[in-house]
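S.K.: A single structure is presented below for examination.
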Amino acid sequence: MKETLQREMVHLRRMQPLNAATEVASELRKAIISGSLVAGTRLIESDIAAQMAVSRGPVREALRIPHEDEMPNRGAIVSAVSADDVLEVYAIRGSLGLIAIRNLIGQYHFSEDGKAIVQIRIDGIRTGEFAKLRSLSGAKSSEIIEQEFRIQSATMLAASLPRVYRRFDRLTVEIQSLVSRIKIEHDAFDTTVEKYANLPNSLYEEDGVSSERVWRKHIQVSSTELLEKLPGGDDAIRVRPWMDTLY
């Protein structure tokens with residue numbers, strides 16, 4: 001048995017440590033997501049190399065790395081956010097949220113033990129992440145937004161669907177990028193608190209219909225806030241009616 005395992009293991013590829021190009025790409029991604037690098041910014045190798053104290057080689061390689069959607073640069077220019085970007089991200093996020101909610105509600109019917117476990121998880125969100133949000137009155141907008149994302153992430157994690165959670169969590173980075181780059185006005189604090197109280201409360205009470213309604217409304221309002229700031233955003237859903245059914 002040991003000899004067989006050893007023969008199989010020799011085919012595994014050795015992993016390489018992070019190199020300079022990967023680190024440069026990571027820093028550029030963070031700058032774009034935060035809005036420090038605005039749309040239309042040309043990514044000039046010599047300037048990036050000088051600021052990061054590296055040679056131009058790693059920068060050139062970093063700009064060639066195939067990037068995920070949360071690294072929105074086209075060639076060597078930071079791209080602008082489009083209505084398509086917003087619709088696609090929120091359509092996926094909305095669908096993943098509904099899957100998680102339906103699985104959470106479904107767990108209530110597995111057994112009494114299953115019901116108790118789900119209620120403990122949801123109550124943990126109400127007394128943990130949501131209670132933290134309530135304490136942030138007067139805090140910076142960025143802190144409140146970050147806590148909103150934590151509530152959403154905790155809710156998805158409670159659904160016990162690891163693939164759904166991982167994909168949802170990756171989309172959070174893209175949403176953060178969209179919000180920071182479009183510069184939208186955020187809800188008043190009391191409105192934010194009320195919005196996030198409804199979801200865990202309805203989940204705790206086993207009200208799947210209300211939970212889905214709250215989630216759909218959140219996705220619709222959030223995506224509309226972004227679309228209203230973009231050229232052609234008002235018409236974006238109208239020309240893609242199938243998107244509207246996801247919201």
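The values are calculated or read from the model by the stated rules, or taken from the named source; none is laboratory data. Predicted model only: the values in this text are computed from it and were never measured. Because the Cβ atoms are built from the backbone with ideal geometry, glycine has one as well, and the counts that use them run over all protein chains shown.
S.K.: Let me spell it out: the conditions are (1) without any contact (Cβ under 8 Å) to a residue 60 or more places away in the chain; (2) surrounded by 17 or more Cβ atoms within 10 Å (Cβ to Cβ), and ASP169 meets all of them except one. Which number is the exception?
M.R.: (2)
S.K.: Among the residues of the stretch 134-170, how many are modelled with pLDDT of 90 or more and under 13 Å from ILE92 (Cα atoms)?
M.R.: The total comes to 6.
S.K.: Answer yes if at least one residue in the stretch 206-218 is under 24 Å from ARG134 (Cβ atoms), assigned to a helix (DSSP H, G or I), among the polar types (S, T, N, Q) and touching a helix residue (DSSP H, G or I) at 6+ places or on another chain (Cβ under 6 Å), and no otherwise.
M.R.: yes
S.K.: May I ask you to list pairs of residues, at least six apart or on different chains, whose Cβ atoms are under 8 Å apart, with the first in the stretch 204-224 being assigned by TED's automatic domain parsing to the domain that holds ARG93 and the second being of a type outside the set (Gly, Ala, Ser) and assigned to a loop (DSSP other than H, G, I, E, B)?
M.R.: GLU206/TYR108; ARG216/TYR247; ILE219/TYR247; GLN220/TYR247; SER223/TYR247
S.K.: How many residues are loosely packed, with under 15 Cβ neighbours inside 10 Å, in a helix (DSSP H, G or I) and without any contact (Cβ under 8 Å) to a residue 24 or more places away in the chain when one looks only at the stretch 31-50?
M.R.: Qualifying residue count, the stretch 31-50: 3.
S.K.: Looking at SER142 and the list (1) under 12 Å from the mean Cα position of the chain (by Cα); (2) under 22 Å from LYS30 (Cα atoms); (3) not basic (Lys, Arg), which single condition is not satisfied?
M.R.: (1)
S.K.: Name the residues in the stretch 83-114 that are crowded, with 16+ Cβ neighbours inside 10 Å and of a type in the set (Phe, Trp, Tyr), would you?
M.R.: Matches in the stretch 83-114: TYR90, TYR108.
S.K.: Determine the pairs where a residue that is within 24 Å of ILE122 (Cβ to Cβ), located within the stretch 138-156, has a partner that is β-branched (Val, Ile, Thr) with Cβ atoms under 6 Å apart, the partner being 6 or more residues away or on another chain.
M.R.: PHE149/THR172; ALA154/ILE125
S.K.: Also: Might you let me know whether the stretch 111-130 holds any residue that is assigned to a loop (DSSP other than H, G, I, E, B) and of a type in the set (Ser, Thr, Tyr)?
M.R.: Pass one, the stretch 111-130, residues assigned to a loop (DSSP other than H, G, I, E, B): 111, 128.
Next, only the ones that are of a type in the set (Ser, Thr, Tyr) stay: 111.
Yes, that holds for at least one residue.
S.K.: For the structure I just gave you, tell me whether LEU133 is more than 16 Å from TYR196 (Cβ to Cβ) and assigned by TED's automatic domain parsing to the domain that holds HIS218. Please lay out each step first, then the result.
M.R.: Numbers: more than 16 Å from TYR196 (Cβ to Cβ): no; assigned by TED's automatic domain parsing to the domain that holds HIS218: yes.
For LEU133, the condition - more than 16 Å from TYR196 (Cβ to Cβ) and assigned by TED's automatic domain parsing to the domain that holds HIS218 - is not met.
S.K.: Out of the stretch 175-196, which residues are part of a helix (DSSP H, G or I) and within 20 Å of the chain's Cα centre (by Cα)?
M.R.: Once the filter is applied, which keeps residues that are part of a helix (DSSP H, G or I) and within 20 Å of the chain's Cα centre (by Cα), the stretch 175-196 yields ILE175, GLN176, SER177, LEU178, VAL179, SER180, ARG181, ILE182, THR192, VAL193, LYS195, TYR196.
S.K.: Go through the stretch 115-165 and count every residue that is charged (D, E, K, R), surrounded by 13 or more Cβ atoms within 10 Å (Cβ to Cβ) and more than 29 Å from ASP190 (Cβ to Cβ).
M.R.: Here the count works out to 1.
Okay, residues lined up against (1) farther than 22 Å from LEU87 by Cα; (2) assigned to a helix (DSSP H, G or I); (3) in contact with a Lys or Arg (Cβ under 8 Å, 6 or more places away or on another chain); (4) polar (S, T, N, Q):
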residue: LEU136; (1), (2), (3), (4): yes, no, no, no
residue: SER142; (1), (2), (3), (4): yes, yes, no, yes
residue: GLU148; (1), (2), (3), (4): no, yes, no, no
residue: LEU157; (1), (2), (3), (4): yes, yes, no, no
residue: VAL164; (1), (2), (3), (4): no, yes, no, no
residue: ASP169; (1), (2), (3), (4): no, yes, no, no
